[in-house]
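Participant: One structure is given below, represented as structure tokens, and several questions about it will come after.
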Amino acid sequence: MTSHFLVVGGAGFIGSHLVAGIVSGGDHCTVLDNLQTGHLAAVDPRASFILGDLADPVTLDTVLASQRWDGVFHLADLSLVGESMREPMRYLTINPGNAGRLIDACIRHGVRRLVFTSSANVFGNADAAPLDEDTPMRPASAYGEGKFIVERMLQWAERVHGLQFACLRFFNAAGADPGGRLGEAHQPETHLIPLAIDAALGHRPPLALYGDDYATPDGTCVRDYVHVSDLVSAHLLAMERIEQSSVHYNVGLGRGYSVREVIESVGRIAGCTVPMHCAGRRAGDPAWLIASPSRIMRETGWRPRFTSLDEIVESALIWRRNHPQGYETAALQRSLLA
Ligand SMILES: NC(=O)c1ccc[n+]([C@@H]2O[C@H](COP(=O)([O-])OP(=O)(O)OC[C@H]3O[C@@H](n4cnc5c(N)ncnc54)[C@H](O)[C@@H]3O)[C@@H](O)[C@H]2O)c1
């Protein structure tokens, strides 16, 4: 039997890959997105699209009452760590507020399952050891704090209303659809791999390396990069798994790469040196973030298909070379919506 899922934030980087994964698997999908950072052209044409904002309770009620939903995926957050440290109250009101409205609407309209895209930032300043689900949560940014609050809300929603949920703490999402249709096109872009690729291709000024005096082997921050297609399978497996019980999963490869190693990988794959300069540390950046993905692997059978940094970088580079302007311009997006 086919299912019908609602993907909130399905026009964004991870969401658009998830939507393509759902419809390619034979299920139905509707996207709810306000396009503040997403792209209409990234939404698979086999999915339905609703332009709407999570902040609007009337829209949420209308969408959730419109049919029976087999599950909801929530990927629609403000997600710039640096910005969250300059505007903490904005992050602490908007992200938890929107999630609270969505959870409440799900409960009132009888949705039984919700998968929330959380973040490794709930852990804050961790040490070099891979982080499992028992690691204490001490967010070091307002963005991470907002994710933490939403995770707690979901626990109450389950306890009082029986909503089954998954919190997926993603580490660094990267790469692009191996079919070449989808990729990463944030505006502004803050993620290292697309920034390094653009610097290598001459689309941007030299890359700023934020901090080279961390307590890591080469002084630069270490992160766990996981391919966006592997995050799609993590979402789908988590949605299945919560039929049995709610879950928290840390999702990464279980291996870290430093900023310098990423820059070297981009240079190797692009066949040139990445122009760069050293800048100071950014507030809210932990030195290490490496996942222990043992629990999701054990409980759902999740296995990442892209296990090396070079493979991830290569898929991102191919997409960027073929889409130097990203997706559609704002003007084209408006005309598509007209
Ligand atoms: N990209 C990463 O490395 C990463 C890592 C960990 C967690 N996450 C989380 O995964 C999720 C998706 O990340 P992404 O990189 O795809 O982000 P993105 O900005 O590309 O996608 C977010 C989507 O949500 C939409 N959106 C935002 N606010 C909305 C609102 N109020 N109403 C309706 N739609 C709204 C945007 O228009 C966009 O299409 C986010 O919650 C983010 O915090 C991302």
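FYI, it's all coordinate maths here, none of it is from the lab. The model shown is predicted, which means the values in this text are computed figures rather than measured ones. Using ideal geometry, Cβ is built from the backbone for each residue, glycine included, and neighbour counts are taken over all protein chains shown.
Participant: For a test of the definition: using alpha carbon positions, the gyration tensor, and the 1.5 limit on a/c, classify segment 39-165 as rounded, prolate or oblate. The partial results should precede the final answer.
Facilitator: Numbers: a/c = 1.85, a/b = 1.48, b/c = 1.25.
It comes out prolate by the Cα gyration axes.
Participant: Now, a different point. Can you compute the FRET efficiency between Asp134 and Gln187 using 1/(1 + (r/R0)^6), with r the Cβ-Cβ distance and R0 = 25 Å? Round to the nearest 0.05.
Facilitator: On the way: r = 37 Å, r/R0 = 1.49.
Calculated transfer efficiency: 0.10.
Participant: Can you work out the PRE-style zone for Glu87? Point 7 Å along Cα to Cβ, and I want the residues of segment 24-50 with backbone N under 19 Å.
Facilitator: Within reach of a label on Glu87: 34-39.
Participant: If contacts are Cα pairs under 8 angstrom and at least 6 residues apart, what is the relative contact order of segment 56-118 in percent? Walk me through the intermediate numbers first.
Facilitator: On the way: 42 pairs, mean separation 36.9, N = 63.
Relative contact order, segment 56-118: 59 percent.
Participant: Here is a follow-up. Connecting C-alpha atoms closer than 10 Å in a GNM of the chain, tell me which of Asp310, Asp212, Asp134 has the biggest fluctuation.
Facilitator: It is Asp134.
Participant: Moving on. With springs connecting C-alpha atoms under 10 Å apart, model the chain as a Gaussian network and identify which of His17, His39, His191 has the largest mean-square fluctuation.
Facilitator: For the chain, modelled as a Gaussian network with Cα springs under 10 Å, the answer is His191.
Participant: Under a 10 Å cutoff between Cα atoms, tell me which one of Gly25, Gly71, Gly211 has the largest fluctuation in the Gaussian network model of the chain.
Facilitator: Looking only at Gly25, Gly71, Gly211, the biggest GNM fluctuation is shown by Gly25.
Participant: When the dipole is taken about the Cα centre of segment 4-337, and only Lys, Arg (+1) and Asp, Glu (-1) are charged at their Cβ, what size is it in debye, to the nearest 20? Could the numbers behind the result be given before it?
Facilitator: Details: 29 positive and 37 negative charges, 59 e Å.
Value, rounded to 20: 280 debye.
Participant: Same structure, new question: Would you mind checking which residues have amide H under 5 Å from Arg255's amide H? H placed 1.01 Å from N; only 5 or more apart, or other chain.
Facilitator: Amide H neighbours of Arg255: Ala291.
Participant: Suppose only helical runs count, i.e. DSSP H with n ≥ 4. What mean residue ellipticity at 222 nm does that imply for the chain under -39500 (n - 2.57) per run, divided by all residues and rounded to the nearest 500 deg cm²/dmol?
Facilitator: Values: 11 runs with 133 residues, N = 338.
Result for the chain: -12000 deg cm²/dmol, rounded to the nearest 500.
Participant: With an 8 Å Cα cut-off and a minimum separation of 6 or more residues, compute the relative contact order for segment 216-287 in percent. Show your work: numbers first, answer last.
Facilitator: Values: 43 pairs, mean separation 31.9, N = 72.
Relative contact order for segment 216-287 comes out at 44 percent.
Participant: With unit charges on the beta carbons (Lys and Arg positive, Asp and Glu negative) and the dipole taken about the Cα centre of the chain, which residue among Val19, Ile197, Gln325 sits farthest to the positive side?
Facilitator: Val19
Participant: Does anyone have the angle between helix 309-322 and the longest principal axis of the chain? Alpha-carbon axes, 0 to 90°, nearest 10?
Facilitator: 80 degrees
Participant: Separate question: Do you know the relative contact order of the chain, to the nearest whole percent, from alpha carbon pairs under 8 angstrom that are 6+ apart?
Facilitator: On the way: 694 pairs, mean separation 65.3, N = 338.
Over the chain, the number comes to 19 percent.
Participant: Say the dipole of the chain comes from +1 at the beta carbon of Lys and Arg and -1 at that of Asp and Glu; which of Gly256, Phe170, Gln244 then lies farthest toward its positive end?
Facilitator: About the Cα centre, the residue reaching furthest to the positive side is Gln244.
Participant: Measuring from centroid to centroid over Cα atoms, what is the spacing of segment 187-204 and segment 32-84 in Å?
Facilitator: Centre-to-centre (Cα) distance: 26 Å.
Participant: Using a ≥ b ≥ c from the Cα gyration tensor of segment 1-112 (square roots of the eigenvalues), is it rounded, prolate or oblate, where a/c under 1.5 gives rounded and otherwise the larger of a/b and b/c decides, a/b for prolate? Intermediate values should be presented prior to the final figure.
Facilitator: Working: a/c = 2.20, a/b = 1.34, b/c = 1.64.
Cα axes put segment 1-112 in the oblate bin.
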